[in-house]
1. Is it the case that residue 40 is among the acidic types (Asp, Glu) and either within 23 Å of residue 8 (Cβ to Cβ) or at pLDDT below 95 (or both)?
2. Can you find, within the range 175-227, the residue that is modelled with the lowest pLDDT among those that are exposed (fewer than 13 other Cβ atoms within 10 Å of the Cβ) and not in a helix (DSSP H, G or I)?
3. Give just the number: which of (1) in a helix (DSSP H, G or I); (2) of a type outside the set (A, V, I, L, M); (3) over 30 Å from residue 136 (Cα atoms) does residue 80 not satisfy?
4. Out of the range 1-19, which residues are open to solvent by 20 Å² or more (accessible area, probe 1.4 Å) and small (Gly, Ala, Ser)?
5. Scanning the range 20-64 for residues that are under 19 Å from residue 78 (Cα atoms) and β-branched (Val, Ile, Thr), which turns out least open to solvent (accessible area, probe 1.4 Å)?
6. For the range 103-132, which positions are part of a loop (DSSP other than H, G, I, E, B) and open to solvent by 50 Å² or more (accessible area, probe 1.4 Å)?
7. Among the residues in the range 68-89, are any within 19 Å of the chain's Cα centre (by Cα), open to solvent by less than 90 Å² (accessible area, probe 1.4 Å) and farther than 26 Å from residue 23 by Cα?
8. Across the range 1-53, what is the total count of residues that are over 25 Å from residue 86 (Cβ atoms), of a type in the set (Lys, Arg) and in contact with a Ser or Thr (Cβ under 9 Å, 6 or more places away or on another chain)?
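The values are calculated or read from the model by the stated rules, or taken from the named source; none is laboratory data. Here the structure is a predicted model, which is why all the values come from computation and not from measurement. Reconstructed Cβ throughout: ideal geometry from the backbone, glycine too, with neighbour counts over all protein chains shown. We work out accessible area using only protein heavy atoms, side chains counted, and drop any ligands, DNA or RNA first. Shrake-Rupley method; radii C 1.70, N 1.55, O 1.52, S 1.80 Å.
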Amino acid sequence: AAERWEKSVEVDPWEKSGWLRWAKVEEARGGAGRARGVLERSLKYVGKNVVVLRALAMLEAREGNHEMARKVFKAAAAIETEKRFRPKTMQAWGLHEANLGNYKVASAIYRRATELAPDDASIWRAIGELESKAGNPEKAREAHKQAVALQPSDPRLWYSWAHCELTAGDAIRAEQLFIQAATMGATPDLAFSPRQTQDVLRVRATALRDAAQLAFRAGRFSRCAEMLEEALAETPADADLWRQLAEVHGRGKNAEAARAVYQRGVKAGMAK
């Protein structure tokens, strides 16, 4: 595959997609150094392209070269700011800093991103998740409110908010938000790509599973079973969901019902 993309860039070295795919293949083969070389060579042809620079910064971040990653992130972010692009680089940079525990730095980067794209719900979601990790539940809550106000039909935003409430210790509110997430996106927005649509369906099922687990911990086994059944309607081949449903019936001392669940799961084609 690497040879294929190498030939592709020989034919058209000014097209960034060939360079990016070549670098991705090289990294997947364990050649981070070769991937870096590919991306650096591409800049001679595509110029200071923000997508290529972002890919290079993320490669450096994955390799643990944090100072170099910051340098390249900064260069790409400057281009985004100058040309008023959607701040994808700032989001990636902010996430990198957050993963390193640099919450104040990450927060500053995310806030700059909102200046470029105040209507981007994903940035507000990122801020909410960051504030939750930093131990600021009120700020996390406000950021998530902003996110769902911008895109109320996206279950991923409600799901993220639910986890922030769970982290803050409010299991009741978290369960409500998980259920809210599960009811969103029944007809995904036409703006969603096929990949995003699959992500939406997965999040809905996961939200039901997480809500069911909270109901289970609270001893509400009937409600737990209802939610697991709803989740299985979304992902009928999910073996974990079938096992959880059987366990619920087992806790209710209904061995026959638990056995029937396993039989249904096998018929539905659940993974072994």
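1. Details: among the acidic types (Asp, Glu): yes; either within 23 Å of residue 8 (Cβ to Cβ) or at pLDDT below 95 (or both): yes.
So residue 40 fits the description; yes.
2. So the first thing to find is which residues in the range 175-227 are exposed (fewer than 13 other Cβ atoms within 10 Å of the Cβ), and the list is 186-187, 189-191, 193-195, 198, 217, 219, 222.
Among the residues that remain, those that are also not in a helix (DSSP H, G or I) are: 186-187, 189-191, 193, 219.
Working: 186: 51, 187: 50, 189: 49, 190: 43, 191: 60, 193: 67, 219: 90.
Filtering the range 175-227 for residues that are exposed (fewer than 13 other Cβ atoms within 10 Å of the Cβ) and not in a helix (DSSP H, G or I), the one modelled with the lowest pLDDT comes out as 190.
3. Of the numbered conditions (1) in a helix (DSSP H, G or I); (2) of a type outside the set (A, V, I, L, M); (3) over 30 Å from residue 136 (Cα atoms), the odd one out for residue 80 is (3).
4. First, pick out the residues of the range 1-19 that are open to solvent by 20 Å² or more (accessible area, probe 1.4 Å): 1, 3-8, 10-12, 14-17.
Matches in the range 1-19: 1, 8, 17.
5. 52
6. Kept after step one, since they are part of a loop (DSSP other than H, G, I, E, B), are these residues of the range 103-132: 117-120.
The answer is 118, 119.
7. Going residue by residue through the range 68-89, those that are within 19 Å of the chain's Cα centre (by Cα) are 86-89.
Filter once more, keeping what is open to solvent by less than 90 Å² (accessible area, probe 1.4 Å): 87, 89.
Add one more test, that the residue is farther than 26 Å from residue 23 by Cα, and what stays is none.
Checked against the condition, which is being within 19 Å of the chain's Cα centre (by Cα), open to solvent by less than 90 Å² (accessible area, probe 1.4 Å) and farther than 26 Å from residue 23 by Cα, the range 68-89 yields no hits at all.
8. The total comes to 0.
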